[in-house]
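Single-structure report; data block below.
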Amino acid sequence: MLYIVGIGPGNRKYMTEIAKDVIDRSEIVIAGKRNMESLSENNKEKFYLSADLKEMKNYIIDNKQKDIVILASGDPSIYGIASYIKRELGNILDIEVISGISSIQYAFSAFKLDMNDVYISSSHGRNPNYNFIFMHDKIAMVTDKNIGPYEISQEIRKRNLNYNIYIGENLSYSNEILTITNSNEINRKDYDMAVIILMKIKD
Ligand SMILES: C[S@@+](CC[C@H](N)C(=O)[O-])C[C@H]1O[C@@H](n2cnc3c(N)ncnc32)[C@H](O)[C@@H]1O
């Protein structure tokens with residue numbers, strides 16, 4: 001059986017009981033370095049994720065008789081690895097997806113904002129469709145080093161729009177930083193791992 005388990009934003013306290021149970025029962029753990037580090041000491045077989053997802057796919061196929069767990073950060077169904085796995089292996093393996101607390105959900109709680117009516121998107125490893133994204137009043141985005149809070153605010157300014165920007169860096173970790181700013185004011189360029197929430201300011 002192949003489990004894709006959401007382990008939450010990073011701090012073990014946000015990992016669900018079912019996630020811990022499935023990980024304990026599995027024989028092989030597949031994860032990137034940060035997610036693997038959020039596990040307590042164990043002697044399970046480990047496979048570290050690299051950019052080469054095909055290598056992971058072949059490894060899973062070679063071990064398909066075993067119980068394998070893939071650790072996904074946050075919730076596996078929000079810009080996570082679940083879509084690749086379902087697409088590539090869904091018709092040859094039994095897959096179970098276990099939900100986790102997304103970094104986006106965590107950010108809304110940290111900033112004491114409601115998630116109702118939010119549009120969720122991503123700049124993580126992709127070029128966002130800004131014109132479509134900025135049609136929305138309330139937006140949450142996972143980001144990356146190439147397209148982060150600064151670059152997204154530049155796109156807002158180009159279109160003469162105005163959003164309050166809530167930036168959550170290293171959420172749930174001891175070095176968490178919460179910043180509230182505005183698309184016209186943001187001038188810091190380098191952020192750690194961050195989620196942003198955009199709230200449109202109307203004239
Ligand atoms: C590939 S996406 C995965 C999102 C994940 N499935 C989720 O639900 O949180 C990775 C991005 O999620 C965001 N992220 C994940 N964990 C985070 C954390 N603890 N603090 C801030 N951002 C985080 C960052 O934007 C990071 O680059």
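The values are calculated or read from the model by the stated rules, or taken from the named source; none is laboratory data. Bear in mind the structure is a predicted one, so any value in this text is a computation, not a measurement. All Cβ positions, even for glycine, are placed from backbone atoms using ideal geometry, and neighbour counts span all protein chains on display.
Within the range 61-106, can you find the residues that are of a type in the set (S, T, N, Q), surrounded by 22 or more Cβ atoms within 10 Å (Cβ to Cβ) and in contact with a strand residue (DSSP E or B) (Cβ under 6 Å, 6 or more places away or on another chain)? Write out each step before concluding.
Of the range 61-106, the ones of a type in the set (S, T, N, Q) are 63, 65, 73, 77, 83, 91, 99, 102-103, 105.
When the remaining residues are screened for being surrounded by 22 or more Cβ atoms within 10 Å (Cβ to Cβ), the result is 73, 102-103.
Of everything in the range 61-106, those that are of a type in the set (S, T, N, Q), surrounded by 22 or more Cβ atoms within 10 Å (Cβ to Cβ) and in contact with a strand residue (DSSP E or B) (Cβ under 6 Å, 6 or more places away or on another chain) turn out to be Ser102, Ser103.
Taken over the range 159-203, the criterion of being closer than 25 Å to Ser38 by Cα and of a type in the set (A, V, I, L, M) is satisfied by Ile167, Leu171, Ile177, Leu178, Met193, Ala194, Val195, Ile196. Looking across Ser183, Ser172, one residue alone is among the small types (Gly, Ala, Ser) and over 14 Å from Gly10 (Cα atoms). It is Ser183. Identify all residues within the range 9-37 that are more than 14 Å from Pro76 (Cα to Cα), within 13 Å of the ligand (Cβ to nearest atom) and surrounded by 19 or more Cβ atoms within 10 Å (Cβ to Cβ); write none if there are none. Answer for the range 9-37, where residues must be more than 14 Å from Pro76 (Cα to Cα), within 13 Å of the ligand (Cβ to nearest atom) and surrounded by 19 or more Cβ atoms within 10 Å (Cβ to Cβ): just Tyr14.
Results for (1) of a type in the set (A, V, I, L, M, F, W, C); (2) under 15 Å from Glu151 (Cβ atoms); (3) assigned to a strand (DSSP E or B); (4) outside the structural domain of Leu113 (by TED's automatic domain parsing), shown as yes or no for each residue.
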| residue | (1), (2), (3), (4) |
| --- | --- |
| Asn164 | no, no, yes, no |
| Ser174 | no, no, no, no |
| Ile180 | yes, no, yes, no |
| Tyr191 | no, yes, no, no |
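Tell me which residues, restricted to the range 4-29, are among the basic types (Lys, Arg), farther than 25 Å from Asp62 by Cβ and either touching a residue at least 40 places away in the same chain (Cβ under 8 Å) or not assigned by TED's automatic domain parsing to the domain that holds Asn42 (or both). Answer for the range 4-29, where residues must be among the basic types (Lys, Arg), farther than 25 Å from Asp62 by Cβ and either touching a residue at least 40 places away in the same chain (Cβ under 8 Å) or not assigned by TED's automatic domain parsing to the domain that holds Asn42 (or both): just Lys13.
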